[in-house]
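One structure is given here, and the rest of the page talks about it.
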Amino acid sequence: MMISTQILLATSLLMQITSANAEFSMRYRTTTNLNGDTLYNFTAQNGSSHPLSWITLGAKSDGQWNFSIGDSIYGHNIPGLVGAAPSGWNFDSAYVDEEPVVLAEWKSKNHIAPIPPGGNLSGFRIVIPRGAKTNISNAYFTFTDDEFLRFSGQVRPEPPLPTGQFVVTPSVSGSGKVQVNPSQASYPLGSSVVLTPVASAGWKFTGWAGDTTALPPSLSLTVTKNRFPTALFQEVATPVDKPVLEVTSSDKTPTDSKYLRPKIVIKNSGTKPVAVGTVQFFFTPTPGKQSVAETWYSPKCKGALSKVNQKDAYVLACKGVVLKPGESYPDASGEGATFGIHNADWSPRNRALDWSAAGMGALFAPNSRIIVTDSTGAILAGTAP
């Protein structure tokens, strides 16, 4: 996470226009966890006509933006500083840059849960390690919408609750939500509240953090203070149906010191069709000599010498090569795509230096040194030099 000086300078100009506008606010309440760390829970209010999907909480070392933690923190991550977010949002980072200083960011996941015009949202959270010096009363925040309009304001504490009243505001880390029963703006001392985590598809609940370390999914609280628990969700690993390509090659002229003539077969051994973008065969030119390539057989692919990440290669650029499961390129005959590489003056070459020809003989054998990519350049098979 990096916020450019230009962005924050532009924000500063907007702030002069909007800071007096009461429709934007970011207010907080605090509590402590079992370790003595301070939990700040923010509620963001959006009074604009734009849905807001990005919040930055920050400071600036010249004092205009003022959020300090300890001494000499510029340019370093803050040890122990963590955060959480409302459902549908991510706590993006906790980072301090040289100039300006940025403390934390929250972003709506894929912009699907922005704060609507006139709406408010709680559950934006940071945890300040015990013993760290803070001055949050003068911190500033920035709202950003999908059109990158920015609105700024100063962080303020929430108005005090009536005596004997407290809040219970859950956040999430990962993808999910928390059901609160009963759901109220505040609770009298001694109230019972039940929190139930609900994981998003592909995620699972793993425990609680914040001001509790309970493990059971259903969390029963007796309200004695402000409570800011965080439900932890972890993505569940699922099998990915990845393309499976078998690349084999042979050398049609294995004893010729002047001429390298590879043959390549690519077979789709997976369970779904694969579109081939390029086939890359890496070699080493002879110093002081010009390399020449000749394409003998490569249907739907055009071959040429090229540079791939500054490495010399013969590249077949393919168009319309889609292999169904079990199919092979160039065809079912097994003869292979064929080309030749030699020096322009037909002087001897040292084929032992050719990366993709290592171990290649007269018989077809697997070759992991030939790269196959899709049309986007993503590698489907093979290893580069």
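We did not get these values from a lab; they are worked out from the coordinates using the rules stated. Please read all numbers here as calculations on a predicted model, not as lab measurements. Quick reminder, even Gly has a Cβ in these numbers, built from the backbone with ideal geometry, and neighbours come from all protein chains shown.
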(message) If N is the number of residues in region 329-385, what value comes out of its Cα radius of gyration divided by 2.2 N^0.38 Å?
(response) 1.34
(request) Please give every one of the lysines within straight-line cross-link reach of Lys204, meaning a C-alpha to C-alpha distance under 30 Å, and leave out same-chain neighbours fewer than 8 residues apart. (result) Lys107, Lys109, Lys177, Lys225, Lys242, Lys272
(message) Testing the spin-label approximation: label points 7 Å from Cα along Cα→Cβ at Thr224 and Lys289. State their distance in nm.
(response) 8.4 nm
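What does the net charge come to around Val167 if you take all other residues with beta carbon closer than 10 Å to its beta carbon, with K and R at +1 and D and E at -1? Before the final figure, lay out each step's value.
On the way: positive: Arg29, Lys225, Arg227; negative: Glu158.
With Lys, Arg at +1 and Asp, Glu at -1, the neighbours total +2.
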(message) Let's test the formula: R0 of 41 Å, r as the Cβ-Cβ distance of Glu335 and Gln310. What FRET efficiency results, to the nearest 0.05?
(response) 0.80
